[in-house]
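Before any comments, here is the structure.
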Amino acid sequence: METPLTQHISFDRPCYNLRDYEKNGGYQALRKALSLSPESITNTVQASDLKGRGGAGFNTGMKWSFVPMNGHYPVKYLIANADEMEPGTFKDRMLMEGNPHQLIEGMIVSAFAIQANISYIFLRWAYKKAGRLLTHAIEEAYAAGYLGKNILGTGYNLEMYLHTGVGRYICGEETALLNALEGKRATPRAKPPFPQVSGLFGKPTIVNNVETLCNIPHIINNGPDWFKSLGKGNDAGTKIYGVSGRVKRPGLWELPMGVSMRELIEDCAGGMANGYGFRGALPGGASTDFLVEEHLDINLDYKSVAAAGSRLGTGTMIILDDHTCPVGFVHNLEHFFAQESCGWCTPCREGLPWTEKILLSIERGEGRPEDLQLLETHTRLLGPGNTFCALAPGAMEPLQSALKYFREDFEKHIDQKKCPWR
Amino acid sequence: MIAQETLTPEEMAEIDHEIALVPMRRAAAIEALKIVQHHRGWISDDSLQAIAGYLEISPEELDSVATFYNLVFRRPVGRNIILLCDSISCYVMGYEKIYGQIRDRLGISFGQTTPDGRFTLLPNACLGTCDHAPALMINNELFRDLTEENLDEILDRYH
């Protein structure tokens, strides 16, 4: 089984410096890419069917293809979204701490494909080690002539800056991220115009997730057919999957896209920890719908997870065990979303704190039978189409599925006027 | 109102470095807040006015940015800042017990500072180390796989 993203990652030794990375084939994809036309790189990436690994799952090459290439835009930007803040998600940290040059090479190739001359890594504040390693790796790349003016004698110029955020979940939304980079409140922007045409400082901009960008050098080196062959079912490539919660071996694994949920939980994570039973899982971070026992054999690709009523999201799974109260679990999630709402649009700003308060009162044994109806109304009012960005609809996903799969647990709280787990 | 404080030459030099990287002065707002907080520990009203003046924006506009972000401190903080992850994986793995132990040990809840100024305790959204939950950060250091046993030893390292 091929594991291109993690083949050079080992936490038993320091991560590769530039020389080690080069010795293991590093920056060969960049050399190759610089000999190709930017459009052909975009076409290759589009043909590979690489989909955005940050959660939305949009075809990466297609996203790039919307950037104007007619020479009328002297300033364009390429941004790595390294603001990993989706609760339960920890994959980009591993990629950056494990092999910073892989991300940098992926960024240079991607920037060349859209002919951007300025690039940023938008890194979350908490990732101190990744920040140190990336700073050093960027310096090495400049010194080796992979960044700066006239890269490898081709006439192509690219600057790269590391920007460290000051903490807010909404910065992961790509247009909010752009506002944060402009020194403003990180509220999302209206689309259209899309960032590909009018992004950072009004210039054409591509924002891609760290894992997405790390795939680029391998696609350039090995071609789109190779990349497609890595996937098991509906989707191309490998994926960094993760499991956290009460399992025997929580962790991260690079696996063929489309591995089954059972394989991930039982084979990789070793199954449930002793004494704990499985009740459900959020397959791709806090803003995805619960999957339960009946879904264990579905494949974890975009289409199959959607068919089961959820989203692959970030591919990092959070397990709900039978010793954890589902109402308390969902309350914790909604507390997070209410706190992290940027406050721009009314349904999100008002609806999320209301949702959180209802859940807290149910958890404390103060819930009323009509509260479940009220929560269901919220899942519709805060759902897709009613809010400015995807934060509130995402927040409703675990709630609506909890009301469906764990309804008895909610009712028990209301009937018994207490949390049965406490 | 005229600012009672001014920026130090060192702070101004660091902010100038950031301004040079962006197309307009105001775009360096977050970097400037980070720089001044790094030097002074927090952003007082006077510091805010001084930065706003330097960036040529209104203090109100800068305050709307400063208060938006979780890690810009508009109140004084202790010498050491504990950021305890309270997100979902840490919830499942028992962060509430760790919180209870910190409260008992230091006598402070979320948002409070010990009377001797040694610690400020804040909740923090997912620290991205969910396979080693529960977790917290103190200043720039990450601590994972917290237990009631190792927590005391970790706190003892900070004065």
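Of the residues in segment A:175-187, how many are more than 8 Å from chain B (Cβ to nearest Cβ) and not in a helix (DSSP H, G or I)?
The total comes to 1.
Restricted to segment B:115-130, and to residues that are buried (at least 22 other Cβ atoms within 10 Å of the Cβ) and not in a loop (DSSP other than H, G, I, E, B), which residue is farthest from the other protein chains (Cβ to nearest Cβ)?
Among those residues, the one meeting the criterion is B:Phe119.
Tell me, which residue of segment B:78-114 that is within 14 Å of chain A (Cβ to nearest Cβ) and part of a loop (DSSP other than H, G, I, E, B) is surrounded by the fewest Cβ atoms within 10 Å (Cβ to Cβ)?
B:Gly111
Identify, from the list A:Ile114, A:Ile121, the residue that is in contact with a Pro (Cβ under 9 Å, 6 or more places away or on another chain) and more than 10 Å from every other protein chain (Cβ to nearest Cβ).
Criteria check complete, one pass: A:Ile114.
Among the numbered criteria (1) surrounded by fewer than 17 Cβ atoms within 10 Å (Cβ to Cβ); (2) within 14 Å of A:Ile79 (Cβ to Cβ), which one does A:Val197 miss?
(2)
Tally up the residues in segment A:161-179 that are more than 23 Å from A:Gly313 (Cα to Cα) and either surrounded by fewer than 19 Cβ atoms within 10 Å (Cβ to Cβ) or of a type outside the set (S, T, N, Q) (or both), please.
Count: 4.
Looking at (1) in contact with a helix residue (DSSP H, G or I) (Cβ under 6 Å, 6 or more places away or on another chain); (2) more than 25 Å from A:His335 (Cα to Cα), can you tell me which one A:Asp83 breaks?
Just one mismatch for A:Asp83, condition (2).
Which of the residues belonging to segment A:107-147 are part of a loop (DSSP other than H, G, I, E, B), at negative phi and either free of Cβ contacts under 8 Å to residues at least 60 places away in the same chain or of a type in the set (A, V, I, L, M, F, W, C) (or both)?
Scanning segment A:107-147 gives A:Ala116, A:Asn117, A:Arg124, A:Trp125, A:Ala126, A:Tyr127, A:Ala144, A:Leu147.
Can you tell me which residue is nearest to the chain's Cα centre (by Cα) among those in segment B:20-41 that are facing another protein chain (nearest Cβ under 8 Å) and charged (D, E, K, R)?
B:Lys34
Pick from A:Asp49, A:Asp83: which is of a type in the set (Asp, Glu), surrounded by 24 or more Cβ atoms within 10 Å (Cβ to Cβ) and at pLDDT 95 or above?
It is A:Asp83.
Which residues, counting only those in segment A:188-205, are free of Cβ contacts under 8 Å to residues at least 24 places away in the same chain and within 14 Å of chain B (Cβ to nearest Cβ)?
The answer is A:Gly202, and nothing else.
Taking segment A:160-187 only, how many residues are in contact (Cβ under 8 Å) with a residue 40 or more places away in the chain and out of contact with any Leu (no Cβ under 8 Å at 6 or more places or on another chain)?
Qualifying residue count, segment A:160-187: 9.
I want to confirm something. Restricting to segment A:1-24 and keeping residues that are of a type in the set (A, V, I, L, M) and part of a loop (DSSP other than H, G, I, E, B), which single residue is surrounded by the fewest Cβ atoms within 10 Å (Cβ to Cβ)?
Per the stated criteria, the residue is A:Met1.
More than 19 Å from A:Phe406 (Cα to Cα) and assigned to a strand (DSSP E or B), is that true of A:Leu264?
In short, no.
So which of A:Ser310, A:Ser287 ends up being within 12 Å of chain B (Cβ to nearest Cβ), part of a loop (DSSP other than H, G, I, E, B) and either within 28 Å of A:Phe410 (Cβ to Cβ) or among the polar types (S, T, N, Q) (or both)?
Answer to the selection: A:Ser287.
Check off (1) surrounded by 15 or more Cβ atoms within 10 Å (Cβ to Cβ); (2) at the interface with another protein chain (Cβ under 10 Å from one of its Cβ atoms); (3) in a helix (DSSP H, G or I) for B:Ser64 and give me the number that stays unchecked.
The failed condition is (1).
Name the one entry in A:Glu140, A:Glu159 that is at pLDDT 95 or above, facing chain B (nearest Cβ under 10 Å) and farther than 28 Å from A:Ser244 by Cβ.
A:Glu159 is the lone residue from the list that is at pLDDT 95 or above, facing chain B (nearest Cβ under 10 Å) and farther than 28 Å from A:Ser244 by Cβ.
Out of the residues in segment A:309-335 meeting the condition of being charged (D, E, K, R) and touching a strand residue (DSSP E or B) at 6+ places or on another chain (Cβ under 8 Å), tell me which one is surrounded by the most Cβ atoms within 10 Å (Cβ to Cβ).
A:Arg311
Residue-wise test of (1) of a type outside the set (A, V, I, L, M, F, W, C); (2) surrounded by fewer than 19 Cβ atoms within 10 Å (Cβ to Cβ); (3) touching a Phe, Trp or Tyr at 6+ places or on another chain (Cβ under 8 Å).
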residue: A:Gly351; (1), (2), (3): yes, no, no
residue: A:Leu359; (1), (2), (3): no, no, no
residue: A:Gly365; (1), (2), (3): yes, yes, no
residue: A:Glu370; (1), (2), (3): yes, yes, no
residue: A:Gln373; (1), (2), (3): yes, yes, no
residue: A:Thr387; (1), (2), (3): yes, no, no
residue: A:Ala402; (1), (2), (3): no, no, yes
residue: A:Lys417; (1), (2), (3): yes, yes, no
residue: A:Pro420; (1), (2), (3): yes, yes, no
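May I ask you to list the residues in segment A:225-261 that are within 14 Å of chain B (Cβ to nearest Cβ), within 19 Å of the chain's Cα centre (by Cα) and in a strand (DSSP E or B)?
Correct list: A:Ile240, A:Tyr241, A:Gly242, A:Val243, A:Ser244, A:Gly251, A:Leu252, A:Trp253.
Does B:Ala52 count as exposed (fewer than 15 other Cβ atoms within 10 Å of the Cβ) and not hydroxyl-bearing (Ser, Thr, Tyr)?
It is false that B:Ala52 is exposed (fewer than 15 other Cβ atoms within 10 Å of the Cβ) and not hydroxyl-bearing (Ser, Thr, Tyr).
The values are calculated or read from the model by the stated rules, or taken from the named source; none is laboratory data. All figures in this text were calculated on a predicted structure; none of them were measured in a lab. Quick reminder, even Gly has a Cβ in these numbers, built from the backbone with ideal geometry, and neighbours come from all protein chains shown.
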